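The values are calculated or read from the model by the stated rules, or taken from the named source; none is laboratory data. A quick note: this is a predicted structure, and the numbers were derived from the prediction, not measured. Neighbour counts run over all protein chains shown; Cβ positions are idealised from the backbone, glycine included. Remember, those area values only see protein heavy atoms, side chains included, never the ligands or the DNA or RNA. Shrake-Rupley method; radii C 1.70, N 1.55, O 1.52, S 1.80 Å.
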Amino acid sequence: MTDANLLDARRVTKRFGGLVAVNGIDFTIPERSIVSLIGPNGAGKTTFFNIIAGIYDPTAGAIRFRGRQMIARTHRAFLEPFLWVGPAAVMALVAAGAGLARAPVTAVVALGFVALLLLIVMLLGAVARPLWYRRLLVRAGIFRSSRPNDMVEAGLGRTFQNIRLFHNMTALENVLVGMHCRLKANWWDAMLSTPKDRAEEARAEIRARELLHLVGLRDRDGELAKNLPYGDQRRLEVARALGSDPALLLLDEPTAGMNPRETQEMMALINKLRTELGLTILLIEHDMKVVMGISDRVTVLDHGEKIAEGTPDEVRRNPRVVEAYLGAPAA
Amino acid sequence: MTAIATPASPASRRRPAWFLPVVSLGGVAAYYLLLRFVFGIGEGTALQQVANALSTGAIYALVALGYTMVYGIIELINFAHGDVFMVGAFVSLFFLVQVLGNTGLTAPITNLPVLLLLIGAALLVTMPLIGLLNVGIERFFYRPLRNAPRLAPLITAIGVSFILQNIALVIAGSGDESSPQIFPIRDWRLSIGEITIPYLSLFVFALAMVLMVLLQTFVGRTRLGRAMRSTAQDREAAALMGVDLNQTIALTFLLGGALAGAAGVVWGLTYGYVRSDLGFNAGLKAFTSAVLGGIGNITGAVLGGFIIGFVEVFATTLGQTRWSQFVVFVVLALVLVFRPAGILGQQVGERA
Amino acid sequence: MTAAAVGRRGRRFGRDEFRDVLVRHRTVSILVGMSLVGFLLYFLPYVPPFSLFNFHQAWLNSFASAGVFVLLALGLNVVVGLAGLLDLGYAAFFAFGAYTYAYGASPFSGNHAPFLLMLFLGAVVAALFGLLLGAPTLRLRGDYLAIMTLGFGEIVPIVFLNTDEYTRGTNGIGGIYRPDLPILGPFGALDNFKYFVVMVFIITITMILLYRLQDSRIGRAWMAIREDELAAAANGINTVTTKLLAFAIGATTAGFAGVFNASKLTIVSPDQFLFAVSFTVLAMVVLGGMGNIWGVAVGAFVIALIQSTFLTQLNQFVSTFRGIPVLDILSRVNFIQYQFLLYGIALVLMMLFRPEGLFPSQRRRMELRVAEELDPEAEAKALEAAAASETVAGGGEPTDPVVVGAMGPPPGSDEDTARPYGDDRS
């Protein structure tokens, strides 16, 4: 069973100061499913979401994504700076020793320069985290959770509850930003405007228009994001998240603030994403009609804890869920 | 340990109240022993340097408080704060010169009540004035930009810093302006056997500590202080709970400015000169202190100020005054690499 | 892409279409534009108001010096304008370029490396220090960069000053060799024209490269980070490397400027790289319009000329008033002394009233003005309204809760855009 799970969260806990926002949640998302996360306000849904997306480090617990441990509590992170400074410090000591031993000045200067280069290389490694640097971390026993961009690279796309588009960029540019990590041209290509760069940009633009078309924003690609109507902004955010070709799409209240017709259309879109693109989708929703309509499975959180899990029907009949939602109009 | 941004940090709950004072005293003693035995400095000089470090550190701590409170509450590096301190030093200088000129008193005043009265008067004049200057800066330059992109208030702060510095330059010229040293440094000394330490250092240290305790009490115990703390935690939530944001932020600037004014008075007494680019260097060191202690944290700023004071005096003691700025920068860089949240700050969870 | 909105406006080949062509053929338009600028500047000093102040040679000299500031401003614009980072120690990288050239080509070091090689090396050294400073700082919150760079800009001249065995301290390294270039031949002290040509050439190349970068995937990432760093990271942008790249490119450009300046002045000393230089360049970028390459270049050029030529002339001019009753006060004012005060005031006023700069780019104007339209209170109210409409639900008016800005289409006019999804894609 575990092999078929795209994402596997084990006993994930997050504390903010004294407040326990998420408490020991076990959670799995099977491949090609639509899973919903529901619960009253402040139940810890968005916090949990942000942990999965790599924005918060969990206080305890771990998350595997596509079979790889991506997120867990940081381990021995305080050692990392020593890793950056260590080699350079050693080299600097060697240079100082050479100076004391009356080595020629050029040799001392060269050694000092090597120390500087070592420092820069280590610092750049820490920033870009290439393979050799990650191996070094593993060898030193240091574990740091993946950052949001690492999660995107690994195949996770997300939207935000309060839309966070790049407001002063056009719809097309927003989607192109979403495709950023799949484009390979570096600054060198860009400066020289190499054929590779131009071809890639052209291809990316075609793909971005396709995605806009897919979510229903065909003639809006030149419009600034902030000038789009509200529903279109939500759809644009979905298109932007699709830009990185995700395997798992996290949608944080995709129908919030939408009228019934727009909500219907969003539901149709979500269904289509699964059937046509083969995406797996994790949904946070308030609107019970949406949740019950499209989810394969529903998980209910309350006060940071999981209180129920199952098919929409099972959850609907669960007395604890009814209690948690008592008074809420949607239940 | 009231931290403006993290009133209930787990770290402060774990440590008992005596922890910080004891560790600080231990640090001072270790510093003395280091000078005395590792660097082979004479007993008298070493003690003298410790006293120097305490008074220098007190000045940095007072200025650092202004940085840290403002950063805690609106997340702005108030680059103009160092220059506000410089203006404070000038105001105090001007006041003392006027008083001495009109009363016929001469610079070292050996009559203790008169001396204390005069210093008190200088503080009473300078602190409210500089506090109001700081409030004015906030009102006219930072408040309109509160919702602007972050770059805008930062650039404005740099602009204000340059305006203050250059106004001082135009008025006072580029050289040192000598400030009357009314406290008798030469004659009033605490002697322990053969060694003497000027009482001034102890006075400065004590004055700074009194002001800091007052601030601590204000922030920790009063309604307005509570408003400040809650605003630092979450501005929107505080506003929803009925905290008057504008008033609270203005109050923060008032307190920060007043402390910078006090630091200005103290500076004049200790060093006997003021110059227009004073604020730039002192500001950089004070900000480093705030970062070192954990920005947004009041206790941290004080601690950081003293540490920077000790580091700087250490460089001077070894005869490397010209490298002191460099050493302070290296400290800043090391803090940012190894412990960006500062000594007392909480490690921030969010990575972006 | 920027031009996509243009098509709606009208058929006539108007200003927008012209701009569109410029955007599409940017490299060509920069080449043509800079040739025109160079040509005009060469003849400008012969025209009356300018010919009265100074000789032609002197003008070319101050144009070339102003070019150094243009280059600096272009580089800082990448950091401040494009990536939205505040770099207050920019002069330090300028210093690294200059001192690298001083070591590479002066009697003091005994080396005499060719100018072009040193131009490259100076830029590399500056870039390395940019990486060294930026890599640990940029992973932290943005404000720390400002204070780190401020400190760095402060100590670099101090280090050059204090290590006087290697840098000759205050006196600086003098007698630096002038360039000797393939076509132009060896430069002499009076060859202002040659320096002028080289400067125009360097600026042209820099502008082309920077424009290409701005229009690329990386430029988009910078803009995204400037707009919303968290959202950028959540969309797969490695924000730290991207910001670091901007920082390093800024440092590199400053390195070029440093080498050129050292070769022109033939002396480098620590007092050429004080905070005042960083501040001046920042003022140039802000006044020219952050993020707008042409605007920044023009702003820097004008301010540098005012600083080098106009203020001196003004001083000389008002000094003739001495003895005349009322105007006598004016004659005692030293305008050069006031320039930083003026920059400070200008910076503050610009931020308060015209954040987009004197020559704004269309895009940056909208962005910096957004605060007025998108204030949090209105947003909160809109969200509340959204929540309310949600609970009432049941087929009320289709509300558009977060229509921001006056430019958004009125609610309800989006009838035709809300068509069913994907009718013709399968």
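Some points to look at:
- Eigenvalues of the alpha-carbon gyration tensor of region C:54-283, scaled by 5 and square-rooted, set the equivalent ellipsoid semi-axes at 31, 20, 14 angstrom, largest first.
- Put a dot 7 Å past the Cα of B:Ile185, heading toward its Cβ, do the same for A:Lys289, and the two dots end up 8.0 nm apart.
- Cut-off under 5 Å, modelled amide H: who pairs with A:Leu301 long-range: A:Ile38, A:Gly39, A:Ile307
- The alpha-carbon of C:Lys264 sits under 30 angstrom from the alpha-carbons of these lysines, leaving out residues fewer than 8 places away in its chain: C:Lys194.
- Remark on region B:55-94: accessible area falls by at least 20 square angstrom from chain-alone to full-complex state for B:Tyr71, B:Glu75, B:Ile77, B:Phe79, probe 1.4 angstrom.
- FRET efficiency, 1/(1 + (r/R0)^6) with R0 51 Å, evaluated for C:Asn171 and B:Leu116 via beta carbons: 0.55
- Cα centre as origin, Lys/Arg/Asp/Glu Cβ charges: chain B dipole, Debye: 800
- Within chain B, helix-based [θ] at 222 nm, where runs of 4 or more DSSP H residues each add -39,500 (n - 2.57), nearest 500: -23500 deg cm²/dmol
- Rg and Dmax of region A:111-239, Cα atoms only, in Å: 19.1, 61
- Longest to shortest principal axis, alpha-carbon extents of region A:77-139, angstrom: 39, 18, 14
- Stokes-Einstein D for region C:114-199, Kirkwood Rh over Cα pairs, 37 °C, 0.692 mPa s (µm²/s): 205
- Spin-label zone in region C:233-273 - amide nitrogen under 13 Å from a point set 7 Å from the Cα of B:Asp277 along the C-beta vector: C:270-273
- Cβ charges +1 (Lys, Arg) and -1 (Asp, Glu), total dipole of the protein assembly as shown, debye: 1480
- Across region C:288-314, the residues whose backbone nitrogen lies under 17 Å from the label position 7 Å along the beta-carbon direction of C:Tyr338 are C:306-314.
- Three-way shape call for region B:107-251 based on the alpha-carbon gyration tensor, with the a/c threshold at 1.5: oblate
- Cleavage-rule hits, trypsin sites (Lys or Arg not before Pro), region B:181-258, DSSP coil, Cβ neighbours within 10 Å at most 10: B:Arg186
- Loop-located trypsin sites (Lys or Arg not before Pro) in region A:164-239, at most 15 other Cβ atoms within 10 Å (DSSP): A:Lys184
- Euclidean distance of C-alpha centroids, region A:242-257 and region C:168-200, integer Å: 58
- Computed about the Cα centre, the dipole magnitude for region C:54-283 is approximately 380 debye when only Lys and Arg (+1) and Asp and Glu (-1) carry charge, each at its Cβ.
- Calculated FRET efficiency for the pair C:Arg354/C:Leu265, C-beta based, R₀ 41 Å, to 0.05: 0.75
- With both residues required to sit in the protein assembly as shown, DSSP beta bridges show an antiparallel share near 70%.
- Nearby lysines by direct alpha-carbon distance to A:Lys226 (threshold 25 angstrom, same-chain neighbours under 8 apart not counted): C:Lys243, C:Lys381
- The share of Cα pairs per 20 Å bin across the protein assembly as shown, counted from zero up to the longest distance, runs 11, 39, 36, 13, 1 percent.
- Here the calculated FRET efficiency for A:Leu117 and A:Ala96, from their Cβ-Cβ distance with R0 = 25 Å, stands at 0.90, rounded to the nearest 0.05.
- Phi-based couplings in Hz for region B:222-229 (Karplus 6.51, -1.76, 1.60; Gly and Pro marked x): 9, 5, 5, x, 5, 4, 4, 5
- Karplus (6.51, -1.76, 1.60) ³J(HN,Hα), θ = phi - 60°, over region A:50-66, in Hz, Gly and Pro reported as x: 5, 5, 4, 7, x, 8, 9, 7, x, 6, 8, x, 8, 10, 9, 10, 6
- In terms of its alpha-carbon gyration tensor, chain A comes out oblate; a/c meets the 1.5 threshold, while b/c is at least as large as a/b.
- Pairwise Cα separations in region C:233-277 fall into 5 Å bins from 0 onward with the following percentages, short to long: 5, 17, 17, 19, 12, 9, 8, 6, 4, 2.
- Computed over chain A with a Gaussian network model linking Cα atoms closer than 10 Å, the most mobile of A:Val90, A:Val177, A:Val35 is A:Val90.
- Put simply, the amide H of A:Glu223, placed in the peptide plane, has neighbours under 5 Å in A:Ala171, A:Leu172, leaving out anything fewer than 5 places away on its chain.
- Around A:Pro40: net Lys/Arg minus Asp/Glu count, Cβ-Cβ under 11 Å: -1
- Taking only the C-alpha atoms of region B:23-320, the Rg (one decimal) and the largest Cα-Cα distance, Dmax (whole number), read 19.5, 63 Å.
- Distance between the modelled labels on C:Ser319 and A:Glu323, one decimal in nanometres: 9.1 nm (7 Å Cα→Cβ projection).
- Cα centroid separation, region A:64-113 to region B:137-151 (Å): 42
- Neighbourhood charge, 9 Å Cβ-Cβ cut-off, centred on A:Val300 and excluding it, Lys, Arg +1 and Asp, Glu -1: 0
- Those lysines that a straight Cα-Cα span of less than 23 Å connects to A:Lys14, excepting residues fewer than 8 apart in one chain: A:Lys45, A:Lys306
- Taken over region A:167-245, the convex hull of the Cα atoms encloses 82 Å³ per residue.
- Charge dipole of chain A about the Cα centre (unit charges at C-beta), most positive-ward option of A:Phe78, A:Leu211, A:Pro130: A:Phe78
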